[in-house]
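J.: Encoded as structure tokens, here's the structure I'll be asking about.
The values are calculated or read from the model by the stated rules, or taken from the named source; none is laboratory data. Just so it is clear, the structure is predicted and the values come from calculations on it, not from any experiment. Reconstructed Cβ throughout: ideal geometry from the backbone, glycine too, with neighbour counts over all protein chains shown.
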Amino acid sequence: MPESTFKVLEYLSYLFIFVLGLILLAIIVIYILDVTQTKQAIRRNYPVVGHFRYLFETLGKFFRQYFFAMDREELPFNRADRSWIYRAAKDLSNTAAFGSTRDLRPRGTVLFVNCPYPTLDVDAAQVGNVTIGGQDCLEPYTTSSLFNISGMSYGAISKPAVLALANGARLAGCWMNTGEGGLSPYHLQGGADLVFQIGTAKYGVRDKNGNLSDQKLKDIARHAQVKMFEIKLSQGAKPGKGGILPGAKVTEKIAEIRGIPVGKDSISPNRHPDINNEDELLDLIARIRKVTGKPTGFKTVIGAYGWIDTLCEVIKKRGLDSAPDFITIDSADGGTGAAPMSLIDYMGLPIRESLPLVVNILEKHGLRERIKIVASGKLTTPAEVAWALCVGAHFITSARGFMFALGCIQAQHCDKNTCPTGITTHNKRLQKGLNPEVKSVRVANYAKNMAYEIGIIAHSCGVKEPRELRRFHARIVCETGLSIALEDLYKDNL
């Protein structure tokens, strides 16, 4: 053996012994630390090896979705639904063979009622336009888009994510909600129709004291892309609690757009301080609509619902022009934002109950056509969207569905600035994997394939286009195991 080779092997053996020594030393140090600490019983009773318990606990949620969870049992989104979205975003076939893996027996299962004479392609109609905005609205918004992008703030999501979503919305012909974080140049760069959301902290339209600024409202409204304004009362991730943006995500650009200090946690009030009752809500809606000339509504999670009745009575007393142009109803089962688990798990009503409830109230007061309904909250597949249309929604919005279209893997790191797909992080290294040009096409594909498959459901029910779906076109399985029509199930829920 050559002497040079022998020396290399000798050096490698020394290196191996050195590394092995470091490992042994580390084990000894960890052992001593474990047996002397008193905070964790597992580490004290099982030094060194006890650390694997915490490692497996951390990694478990990632491995379960790939190896252990069945296709339709995982929460918040199961593998079957995520796979449908991924394939739709990539414009791949979503046909399946050998029958459904969906159990049709559990209570709450939605079934659509096919008719004996489905609508032929030659008889199908384009999705009809809907106009949002009353007679006193100078610039009402007319659109045919069924499925749109819900509020995700620049700050909560990254620059490339905003660019991809905005460009994708433009390609698909749908609107994009800015979220409560203000209007960024990346929203405008995409060229999509935009809904400007006003959160409790009034980001982007606040004065130095945090109050709503008419001048800043006018500045935002001058952008032709901004079609509507939405006052956010509450959201599905945290009903009754304001927005949370960790300081690690508050960059100079985000701070400039929002009007807040750089690098500090941004905690919004848990409600609008200037809205204490239904009259003040309508006053604020009227003010924003007058200043901007554009449709104005509000977003809320429904819990207590008596106030919706009161709101309708006040509207009738003040006149129809005082009504909000739209109401966005969010589902109380989480969202893209980070929030206390007690709120995510227990606060508010899910969309399955709240949407028909609000539609019924509006119909009772004769306001169903004046106030347009936008449904939001885990409506990410064609069947869920079609259900919302049957119940009475005019439009549907989704945030997490479009996050999946961007490549989200449900890592649940949205609040940690460590999102592995670059969607909810401002770490430049992690953002590199999210190419806005590629992902914008996937966003558009998802929206277009969603509209196409909603159309398939509608035609199977015998109507010419999805907005003709009614409650008698769907049924829900009840406790008996038999299904009941939506019109019968929801008619007495007031």
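J.: Show me the helices (runs of 4 or more DSSP H) entirely contained within region 410-494 in which 1 or more residues are acidic (Asp, Glu) and modelled with pLDDT of 85 or more. If you could, list the steps in order and put the result at the bottom.
T.: Numbers: elements: 428-431, 436-460, 486-490.
By residue number, 436-460.
J.: I need the full set of residues from region 371-390 which are farther than 20 Å from residue 102 by Cα and among the polar types (S, T, N, Q), in order please.
T.: Taking region 371-390 first, the residues farther than 20 Å from residue 102 by Cα are 371-377, 389-390.
Across region 371-390, the qualifying residue is only 376.
J.: Something else about it: For region 167-191, enumerate the residues that are in contact with a strand residue (DSSP E or B) (Cβ under 7 Å, 6 or more places away or on another chain) and free of Cβ contacts under 8 Å to residues at least 40 places away in the same chain.
T.: Of everything in region 167-191, those that are in contact with a strand residue (DSSP E or B) (Cβ under 7 Å, 6 or more places away or on another chain) and free of Cβ contacts under 8 Å to residues at least 40 places away in the same chain turn out to be 176, 178, 179, 186, 187.
J.: Which residues, counting only those in region 433-464, are in contact (Cβ under 8 Å) with a residue 40 or more places away in the chain, surrounded by fewer than 21 Cβ atoms within 10 Å (Cβ to Cβ) and either aromatic (Phe, Trp, Tyr) or touching a helix residue (DSSP H, G or I) at 6+ places or on another chain (Cβ under 6 Å) (or both)?
T.: Once the filter is applied, which keeps residues that are in contact (Cβ under 8 Å) with a residue 40 or more places away in the chain, surrounded by fewer than 21 Cβ atoms within 10 Å (Cβ to Cβ) and either aromatic (Phe, Trp, Tyr) or touching a helix residue (DSSP H, G or I) at 6+ places or on another chain (Cβ under 6 Å) (or both), region 433-464 yields 445, 448, 453.
J.: Residues being surrounded by 14 or more Cβ atoms within 10 Å (Cβ to Cβ), part of a loop (DSSP other than H, G, I, E, B) and of a type outside the set (D, E, K, R): count how many of those fall in region 200-225.
T.: 8
J.: Further, regarding this structure: I want to confirm something. Restricting to region 23-65 and keeping residues that are within 30 Å of residue 411 (Cβ to Cβ) and among the hydroxyl-bearing types (Ser, Thr, Tyr), which single residue is modelled with the highest pLDDT?
T.: 46
J.: Determine, yes or no, whether residue 215 is free of Cβ contacts under 8 Å to residues at least 24 places away in the same chain and at negative phi.
T.: Values: free of Cβ contacts under 8 Å to residues at least 24 places away in the same chain: yes; at negative phi: yes.
So residue 215 fits the description; yes.
J.: Right, another one. Looking at (1) among the β-branched types (Val, Ile, Thr); (2) closer than 20 Å to residue 272 by Cβ; (3) surrounded by fewer than 23 Cβ atoms within 10 Å (Cβ to Cβ), find the lone condition where residue 301 falls short.
T.: All conditions are met except number (3).
J.: So is residue 126 more than 25 Å from the chain's Cα centre (by Cα) and either at pLDDT 75 or above or assigned to a helix (DSSP H, G or I) (or both) or not? Steps first, please.
T.: On the way: more than 25 Å from the chain's Cα centre (by Cα): yes; either at pLDDT 75 or above or assigned to a helix (DSSP H, G or I) (or both): yes.
Judged against the criteria, residue 126 is a match.
J.: Now for a separate question. Considering region 129-163 alone, what residues qualify as being without any contact (Cβ under 8 Å) to a residue 60 or more places away in the chain, assigned to a loop (DSSP other than H, G, I, E, B) and surrounded by fewer than 12 Cβ atoms within 10 Å (Cβ to Cβ)?
T.: 129
J.: Additional query: Take residue 97 and tell me if it is in a loop (DSSP other than H, G, I, E, B) and at pLDDT below 90.
T.: Details: in a loop (DSSP other than H, G, I, E, B): yes; at pLDDT below 90: yes.
Criteria met by residue 97.
J.: Also, quick follow-up: Taking the criterion of being within 24 Å of residue 210 (Cβ to Cβ) and among the basic types (Lys, Arg), would at least one residue in region 313-336 satisfy it?
T.: no
J.: When the residues of region 417-432 are filtered to those that are touching a residue at least 24 places away in the same chain (Cβ under 8 Å) and surrounded by fewer than 23 Cβ atoms within 10 Å (Cβ to Cβ), which remaining residue is nearest to residue 91 (Cα to Cα)?
T.: 431
J.: Could you please let me know if residue 378 is under 14 Å from the mean Cα position of the chain (by Cα) and not hydrophobic (A, V, I, L, M, F, W, C)? Spell out the reasoning first.
T.: Details: under 14 Å from the mean Cα position of the chain (by Cα): yes; not hydrophobic (A, V, I, L, M, F, W, C): yes.
When the stated conditions are applied, residue 378 passes them.
J.: Have a look at 227, 202, 232 and point out the one that is of a type in the set (D, E, K, R) and more than 21 Å from residue 398 (Cβ to Cβ).
T.: Details: 227 fails: more than 21 Å from residue 398 (Cβ to Cβ); 232 fails: more than 21 Å from residue 398 (Cβ to Cβ).
Step by step, each of 227, 202, 232 is checked, and only 202 is of a type in the set (D, E, K, R) and more than 21 Å from residue 398 (Cβ to Cβ).
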